[in-house]
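Enquirer: Pasting in a structure now, in structure tokens, and then I'll have a few things to ask.
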Amino acid sequence: MAHPAGGAANTWRDDVEYLRAELYERITEDSTLFDFLHESSLDGIWYYDTDSLGTRIWVSKRFEEVFGYGPDHPFDASEWYERSVHPDDREALDAAWFGYATDPGDEPFDHLTRYYHLDGSLLWIRIRGMALRDGSGRVTRMIGAHTDVTELKRSEQRARILNDGFVRIASHDLGHHLRAISFDVERISDQLGDDASDRINELLDGLRSRISGAGELLRRVGQVSEVDRRPDVRPVPLASVVAQAVGGQQALLDQRHAVVEWQDDLPTVDCDPVLMTTAVMNLVINAVRHNDKPIPRVTITTHCGDGLDLCVTDNGPGIDERQRARIVEPHVHGHHGGSGLGLTIVRHVAELRGGTLGIEDGDDGGARFVLHLP
């Protein structure tokens, strides 16, 4: 390949080397350039005193913001680590961190870890760092950067769930097979009639339960496919959305003797009616299915302030604060079965409108799910 200027001796990097040297000099002379670079291009940098055992670490303002810290909740290194690192990732992170600090080798530290934001949501952070040594070769400092890859990981999770059009095709075919199996089960039951033993009836009931569970899983996967499309946002009476969502689960409500109530003056909101119905239906299913009361009670209310808060409150056992971020992740199952996709779907519906899904304590000890739309 010919050199742009007609020669071949220098590469383009050689031609602009003076700019790199000039930039380094300017950054040394003017710290505002350094601040601009790291705040604009990274999700936080840190500088760690390895002799302090985790108590002395400087972090950038952007680092604090990514985790939710600020004037109302100042950053504290020891609190941040103990509170923020996902418990399932802590052992691996500690091993990688201390292993690198002991013997960093020639490669930089590079690790992907889950953290909790102060609001309880889950963050995926890529940590990259480099060890700094004293004259004897001992590691005394580490410098590094964080990159927030949460949205990328969520997209990967949705892609795995959807797997493009294959999911739709497979769902259709599997649904056909499930209906055929269900028909065969009922034929066997009818033909045996009163001659069926208790053990045979028990097995048939088990098959019905498994068919029902598989059908529920297919329905949830279909919902994930639905929320992946572009939202059709328009003014929609929320009362009609709630009525349709609740009515669609009447069999479950009757089975659990559940009572669902909602306020009379639900507002009209700008939303996609199909997606909002899907979200409300999954919140109701969650509130009923994971309720330990003989008569599960669910109340649907709204609050209009800085946007709209749709609140679904139940009288169940509540949700431990430490588990709230985890249960909205894909394939996290409760004690009462389910696909592990319901709350993930609700969160995704909220995010499509720039909103959030929050979890609070209910007034009577249960849980309150708050779907916030700006």
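Enquirer: Run the numbers for ARG210 and ASP364: contour at 0.36 nm per residue of separation, minus the present Cα-Cα distance, in nm. Please report the intermediate quantities before stating the final value.
Expert: Working: separation 154, 0.36 × 154 = 55.44 nm, distance 3.39 nm.
Full extension of this stretch gives 52.1 nm more.
Enquirer: What ³J(HN,Hα) values, in whole Hz, does the Karplus curve 6.51 cos²θ - 1.76 cosθ + 1.60 give for the stretch 348-354 when θ = phi - 60°, with x put for Gly and Pro?
Expert: Going residue by residue, I get 5, 4, 4, 5, 4, 9, x Hz, with x marking Gly and Pro.
Enquirer: Go through the stretch 58-150 and name the trypsin sites (Lys or Arg not before Pro) that are in a DSSP coil and have 15 or fewer other Cβ atoms within 10 Å of their Cβ.
Expert: Details: sites: LYS61, ARG62, ARG83, ARG90, ARG114, ARG126, ARG128, ARG133, ARG138, ARG141; in loops: ARG138.
Sites meeting the loop and neighbour criteria: ARG138.
Enquirer: While we're looking at this one, here's another question. Less than 12 Å Cβ to Cβ from THR302, Lys/Arg counted +1 and Asp/Glu -1: what total charge do the surrounding residues give? Walk me through the numbers on the way to the answer.
Expert: On the way: positive: none; negative: ASP264, ASP265, ASP309.
Overall, the nearby charge balance is -3.
Enquirer: Show me, for the stretch 201-211, the HN-Hα J-couplings you get by feeding each phi into the Karplus relation (A = 6.51, B = -1.76, C = 1.60, θ = phi - 60°), rounded to Hz, glycine and proline as x.
Expert: Once θ is set to phi - 60°, the couplings for the stretch 201-211 become 4, 5, 5, 5, 5, x, 5, 4, 5, 5, 5 Hz.
Enquirer: Quick one: which residues, 5+ away or cross-chain, put their amide H under 5 Å from the amide H of GLY248? H built at 1.01 Å from N.
Expert: Those qualifying (amide H under 5 Å, at least 5 residues apart or on another chain) number zero.
Enquirer: Residue by residue through the stretch 256-268, which ³J(HN,Hα) values in whole Hz follow from phi under the Karplus form 6.51 cos²θ - 1.76 cosθ + 1.60 (θ = phi - 60°), with glycine and proline marked x?
Expert: Once rounded to whole Hz, the list reads 9, 6, 7, 10, 10, 10, 9, 5, 6, 9, 4, x, 8.
Enquirer: With a probe of 1.4 Å, find how much accessible area the stretch 14-145 has per residue, and write the answer as a whole number in Å². Write out the running numbers ahead of the final one.
Expert: Values: 8040 Å² over 132 residues.
On a per-residue basis, the stretch 14-145 sits at 61 Å².
Enquirer: By the gyration tensor of its Cα atoms, with a ≥ b ≥ c the square roots of the eigenvalues, what is the shape of the stretch 78-129: rounded for a/c under 1.5, prolate for a/b over b/c, or oblate? Kindly include the intermediate steps, with their values, before the conclusion.
Expert: Values: a/c = 2.60, a/b = 2.01, b/c = 1.30.
Because a/c hits 1.5 or more and a/b exceeds b/c, the stretch 78-129 counts as prolate.
The values are calculated or read from the model by the stated rules, or taken from the named source; none is laboratory data. Please read these numbers as outputs of a predicted model, since none were measured by experiment. Here the Cβ is made from the backbone with ideal geometry for all residues, glycine too, and neighbour counts use every protein chain on show. Ligands, DNA and RNA are stripped out before the accessible areas are found, and what is left, the full protein with its side chains, is counted by its heavy atoms. Shrake-Rupley method; radii C 1.70, N 1.55, O 1.52, S 1.80 Å.
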